[in-house]
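The values are calculated or read from the model by the stated rules, or taken from the named source; none is laboratory data. Note that the coordinates shown come from a computational prediction; the quantities given were computed from them, not determined experimentally. So basically every Cβ, Gly included, is an ideal-geometry build from the backbone, and we count neighbours across all protein chains shown. SASA here: full protein model, heavy atoms, side chains in, ligands and nucleic acids out. Shrake-Rupley method; radii C 1.70, N 1.55, O 1.52, S 1.80 Å.
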Amino acid sequence: MSVLSGKHIVLGICGGIAAYKSVSLLRLFIKAGAEVQVVITPAGKEFITPVTLSALSHKPVVSEFFSANTGEWHSHVDLGLWADCMVIAPATASTIGKMANGIADNMLVTTYLSAKSPVFIAPAMDLDMMRHPSTQANLSRLRSYGNHIIEPASGYLASGLEGKGRMEEPENIVVYLERFFAERSDLEGKNVLITAGPTYEKIDPVRFIGNYSSGKMGYAIAEECASRGANVTLVSGPVSISVKNPGINVVRVESAKEMLDECRKAFPTSEISIMCAAVADYAPANPSDRKIKREHQEVPVITLVKNPDIAATLGKEKRSGQMLVGFALETDNETVNATEKLAKKNLDIIVLNSLRDKGACFGTDTNKVSIIKADGSRTDFPLKDKAKVAADIVDEIINFSQSKA
Ligand code: PMT
């Protein structure tokens, strides 16, 4: 079975002679078991008909922001979130320029700008356009954004000239993607436990003690692990986001105690456990079973009791070969506090993020982390999208577990 089986692929097609090759590419993706959504530029439709593409992909082809007939809005954001990868083949000089410079005047470029997944770009153009400094600068800018450029081959071009500019053959593009995803199947069959979101500790039936965690960081780690083949159990506090990958087993909880109970069920069979939840350290000692009324009462005093420390509990139960990863959310004295937590909770790795860094921690789509390991080594990462931070964290976990094996 191909590693592309079950993958969601957005296939972007631009207006170039090589668009005829996208039909073969689409067929190969479908044959490999992928689900494909075609997004075509207006110029692309001059070269290849949406009817063919829709028949082969079994989905309507998306090209405009709105359907002219129904007024239905095509959401580039939803498409960007749906995709496990986006492949732009052929990518013309014009679209490459728009992507590199954020010129979002068509559905393909807006989808690209919304994509959280890896993006593969297969340029196709005349040799002089290909080697022009402007095209080369745009391509190197796209590379610097983490996109993958599938270099064009040399050969006979539609212009009658010979040189570099032929879109890579569809079979080779499929092999390129299969290699990419195979390298990322490094968690195949592994059980991974992840906690995410806040916990809510009841004061009364309408009030709770909670925190600002949105779950985005933990959910991104869950998606990353699942996309690398892991069996993921995600124990999630109350959040308003959901998972994309239907294979992720989401267990919803509210309080720290419930989270601990669920973690203890999954932990014994988990090779890797990643504690990303912002667990409330304290809970009201005597939550009221009726709403505390404002009238007829002095200002209430809420007595708190200590919640269980989930990471520390699992740290005590950890067996050799199990990897336990914690987070440290700090506001000051970051490294000292994180290193203390690493030792105290018997963690193998701690991911440090600080509220002093703009764009990091709660609610944001980005985070800035340092990864500190039990052997004392440390890696500092720049501010990145949480999906990319998740990939860095998983890479570090795998490298560390291999170095210990
Ligand atoms: O959800 P987002 O909006 O995307 O925000 C992400 C995040 C900021 C919540 C996340 O990146 C993060 O830092 N999570 C850990 C938050 C936290 O509780 O940190 P801490 O330093 O208080 O706890 C240290 C470790 O012990 C954490 O792994 C925590 O999950 C765990 N812990 C803490 C308390 C407790 N009672 N039980 C625990 O298991």
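Taking all protein chains as shown and a probe of 1.4 angstrom, Ser24 keeps an accessible surface of around 50 Å². In the structure shown, the pairs Lys344/Lys384; Lys116/Lys265; Lys316/Lys404; Lys202/Lys345; Lys116/Lys318; Lys306/Lys404 are assessed against 24 Å; a Cα-Cα span above that value is assigned to Lys344/Lys384; Lys116/Lys265; Lys202/Lys345; Lys116/Lys318; Lys306/Lys404.
Need the full-extension length gain, Arg141 to Lys202, defined as separation in residues times 0.36 nm minus the C-alpha distance. One decimal, nm. Length gained, Arg141 through Lys202: 17.0 nm. Loop-located GluC sites (Glu not before Pro) in the stretch 142-188 (DSSP state not H, G, I, E or B) with no more than 12 neighbouring Cβ atoms inside 10 Å: Glu188. Between Ala55 and Ser240, the modelled label-to-label distance comes to 4.5 nm, taking each label 7 Å out from Cα in the direction of the beta carbon. Heavy atoms of the protein chains alone define the surface here; on that basis the chain has 48 Å² accessible area per residue at 1.4 Å probe size.
The convex hull around the C-alpha trace of the stretch 1-106, projected and averaged over every direction, spans 6.7 square nanometres. Residues of the stretch 336-357 with the amide nitrogen closer than 19 Å to a label point 7 Å from the Cα of Tyr212, along Cα-to-Cβ, please. Correct set: 352-357. Could you list the residues of the stretch 117-160 with an amide nitrogen less than 19 Å from a label point located 7 Å from the Cα of Glu171 in the Cα-to-C-beta direction? Answer for the stretch 117-160: 151-156.
In order along the stretch 193-201, the phi-based Karplus estimate (6.51 cos²θ - 1.76 cosθ + 1.60, θ = phi - 60°) of 3J(HN,Hα) comes to 9, 10, 10, 8, x, x, 10, 10, 10 Hz; Gly and Pro are listed as x.
Treating r as the C-beta distance of Arg131 and Asn333 and R0 as 60 Å, the FRET efficiency rounds to 0.65. Computed from label points 7 Å out along Cα-Cβ, the spacing between Glu151 and Val23 is 3.0 nm. Past the 38 angstrom mark, what percentage of all C-alpha to C-alpha distances in the chain do you count? Of the Cα pairs, 32 percent sit more than 38 Å apart. Annotation: amide H of Ala18 has no partner in the under-5 Å range at sequence separation 5 or more or interchain, hydrogens built in the peptide plane. Take the Cα of Ala343, step 7 Å toward its Cβ, do the same at Glu271, and the gap between the two points is 3.1 nm. For Val369, the residues whose amide H sits under 5 Å from its own are Phe381, ignoring neighbours fewer than 5 places away on the same chain, with H placed 1.01 Å from N.
Under 5 Å from the amide H of Val250 lie the amide H atoms of Leu234, each residue being 5 or more positions distant or on a separate chain, with H modelled from the backbone and absent for Pro and chain starts. Give me the percent of accessible area attributable to carbon and sulfur for the chain, probe 1.4 angstrom. Carbon and sulfur together cover 52 percent of it.
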